[in-house]
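None of the figures in this text is laboratory data; all of them are computed from the coordinates on show. Only a predicted model underlies this, so the values are computations on that prediction, with no experimental measurement involved. Virtual Cβ from ideal backbone geometry, glycine too; neighbours counted across all protein chains shown.
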Amino acid sequence: MNPQPNILKNVSMSGQTTWRAGGAARFGYAPESEQNLSLFLKSFQCSDCPIVFIGLGSNLLVRDGGLNALVIFTHRGLSVLNVMGDGANAIFYASAGVALPKLARFAANLGYEGSEFMAGIPGTVGGGLTMNAGCYGGEIWDCVQHVKTITPSGDIKVRSPSDYLIEYRKVTHKFEGEEFFIGAWFKFHVGDKQKARDRIRNLLKRRVQEQPLSKPNAGSVFRNPDDDFAARLIEAGGLKGRLTGGAEVSQRHANFIINTGGATAKDIEDLIVEVQSEVALKYGITLKREIHILGATIDS
Ligand SMILES: Cc1cc2nc3c(=O)[nH]c(=O)nc-3n(C[C@H](O)[C@H](O)[C@H](O)COP(=O)(O)OP(=O)(O)OC[C@H]3O[C@@H](n4cnc5c(N)ncnc54)[C@H](O)[C@@H]3O)c2cc1C
């Protein structure tokens, strides 16, 4: 690898993920801007080191053996948030590192409706685009006009939603090669500022009541199967409160796994597998993971 002045080494990922568990990344880089990231990638050379982008780590488990990769941390530096035009012509731009609740409040405070559902999703625009994050009937890609991407060698591109296959919590690109999200243009509709703010307030209140927010977690672990709810199946299977090491199926919301303190990534992954196999045994339904798992186990 060529020498890089600001490159971080051996970066603990438990501090970078909301589960507060997991091993270290071989290299890390926190770009100051989209341009800075492009320059960095153009000069970065490491033949055996894949590139991984990470936002707020709110949908991610990094195994205890760590990640042999260069991790790009988008949250601090990729922070542009603005609006061009006004009225019905307004187009919002948010860089990949902007937190989704920040984008929701920004649009609501300017009197636009349609972004409120993002207020309770504790991830970034980049993570949201990757997962097609959504809730309460809204999904991020419903609001996207275009996205800005970057290739591993630092070339910046603009893509349309039609370049992707967009499904429930799953987005697949149709083009060749790898690209990461560095920003997106959004359209929301002109509405009532107070109504949008009230909707955000109510939605956040609902989340505090329904979700185990006082313990480290990564939101819903499994996608809902067709015509059913993962949480319902897990609860009906008697799995609420099931413990593996420091990981527990939340008593409050059965599709959440919480870190009760000191859980390893292995505890969490073992519990995920256990829940999957018990639900499959009892109901014949294979729950698919919503969360992403990266890295190596400690003994591999
Ligand atoms: C309490 C709680 C509640 C939640 N509620 C919801 C909800 O209601 N709806 C919902 O959809 N999700 C929910 N989530 C999950 C999570 O917040 C979302 O999936 C969010 O979009 C993840 O964003 P992130 O920035 O944290 O992504 P990360 O966890 O950092 O990354 C997720 C994946 O995206 C990739 N990635 C991240 N940034 C980029 C990028 N710029 N380019 C390419 N790939 C990238 C990562 O490599 C990883 O594979 C919740 C999580 C928590 C903790």
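Go through the stretch 116-200 and name the trypsin sites (Lys or Arg not before Pro) that are in a DSSP coil and have 12 or fewer other Cβ atoms within 10 Å of their Cβ.
Numbers: sites: Lys148, Lys157, Arg159, Arg169, Lys170, Lys174, Lys187, Lys193, Lys195, Arg197, Arg199; in loops: Arg169, Lys174, Lys187.
Hits after loop and neighbour filter: Lys174.
For the stretch 126-197, what class follows from the C-alpha gyration tensor (a ≥ b ≥ c being the square roots of its eigenvalues): rounded when a/c is under 1.5, otherwise prolate if a/b is larger than b/c, else oblate? Write down the numbers at each step before the final one.
On the way: a/c = 2.58, a/b = 1.81, b/c = 1.42.
Here the stretch 126-197 falls in the prolate category.
Taking the Cα centre of the stretch 8-73 as the origin and placing charges on Cβ (Lys, Arg +1; Asp, Glu -1), which of Leu70, Gly23, Phe40 is farthest toward the positive end of the dipole?
The Cα lying farthest towards the positive end belongs to Gly23.
Around Gly237, which amide H atoms from residues at least 5 apart in sequence, or from another chain, sit under 5 Å from its own amide H, with H modelled in the peptide plane?
Long-range HN contacts for Gly237: none found.
Looking at Ser214, Gly154, Phe186, which one has the Cα that reaches farthest to the positive end of the dipole of the stretch 141-237 (charges on Cβ: Lys, Arg +1; Asp, Glu -1)?
Ser214
Report P(r) for the stretch 8-73: all Cα-Cα distances, bin width 10 Å, range 0 to the bin holding the largest distance, values in whole percent.
Per 10 Å bin, starting at zero, the Cα-Cα P(r) for the stretch 8-73 comes out as 22, 53, 23, 1 percent.
Filter the GluC sites (Glu not before Pro) in the stretch 153-261 to those in DSSP coil with at most 16 other Cβ atoms within 10 Å of their Cβ, and list the result.
Working: sites: Glu167, Glu176, Glu178, Glu179, Glu210, Glu235, Glu248; in loops: Glu176, Glu178, Glu179.
Counting only loop positions with at most 16 other Cβ atoms within 10 Å, the GluC sites (Glu not before Pro) in the stretch 153-261 are Glu176, Glu178.
Between Gln35 and Arg206, what is the spin-label point distance in nm, taking each point 7 Å from the Cα along the Cα→C-beta axis?
About 4.2 nm, to one decimal.
222 nm [θ] for the chain, helices only, -39500 (n - 2.57) per DSSP H run of 4+, per residue, to 500?
Numbers: 6 runs with 71 residues, N = 300.
Helix-only estimate at 222 nm: -7500 deg cm²/dmol.
What is the pair-distance distribution P(r) of the stretch 80-199, computed from all Cα-Cα distances in 5 Å bins starting at 0, with each bin given as a whole percent?
Pair shares across the bins are 2, 12, 23, 25, 19, 11, 5, 2, 1.
Which of the lysines could be linked to Lys240 by a straight reach, that is with a Cα gap under 24 Å, when you skip same-chain ones fewer than 8 residues away?
The qualifying lysines are Lys205, Lys215, Lys266, Lys282, Lys288.
Given charges of +1 on the Cβ of Lys and Arg and -1 on the Cβ of Asp and Glu, with all other atoms neutral, how large is the dipole of the stretch 230-294 about its Cα centre, in debye to the nearest 20? All intermediate terms of the calculation are to be shown ahead of the outcome.
Details: 8 positive and 8 negative charges, 42 e Å.
Using only the charged Cβ atoms, the result is roughly 200 debye.
Filter the chymotrypsin sites (Phe, Trp or Tyr not before Pro) in the stretch 206-298 down to the DSSP loop ones having no more than 16 other Cβ atoms within 10 Å, then list what survives. Numbers along the way, then the final one.
On the way: sites: Phe222, Phe229, Phe256, Tyr283; in loops: Phe229, Phe256.
Sites meeting the loop and neighbour criteria: Phe229.
Could you size up the charge dipole of the chain around its Cα centre, putting +1 on the beta carbon of Lys and Arg and -1 on that of Asp and Glu, and report it in debye to the nearest 20?
On the way: 33 positive and 30 negative charges, 160 e Å.
So the dipole magnitude of the chain works out to roughly 760 debye.
Under a GNM of the chain (C-alpha, springs under 10 Å), which listed residue has the highest mean-square fluctuation: Gly137, Gly284, Gly261?
Gly137
Using the Cα gyration tensor of the stretch 209-300, with a ≥ b ≥ c the square roots of its eigenvalues, what is the shape: rounded (a/c below 1.5), prolate (a/b larger than b/c) or oblate (neither)? Don't skip to the end; give the middle numbers.
Numbers: a/c = 1.67, a/b = 1.23, b/c = 1.35.
Oblate.
Rounded if a/c is under 1.5, else prolate if a/b is larger than b/c, else oblate: which is the chain, with a ≥ b ≥ c the root eigenvalues of its Cα gyration tensor? Let's see the in-between values first.
Details: a/c = 1.82, a/b = 1.10, b/c = 1.65.
Oblate.
Might you report the magnitude of the Cβ-based charge dipole of the stretch 15-174 about its Cα centre, with Lys and Arg at +1 and Asp and Glu at -1, to the nearest 20 debye?
Numbers: 13 positive and 12 negative charges, 73 e Å.
Approximately 340 debye in magnitude.
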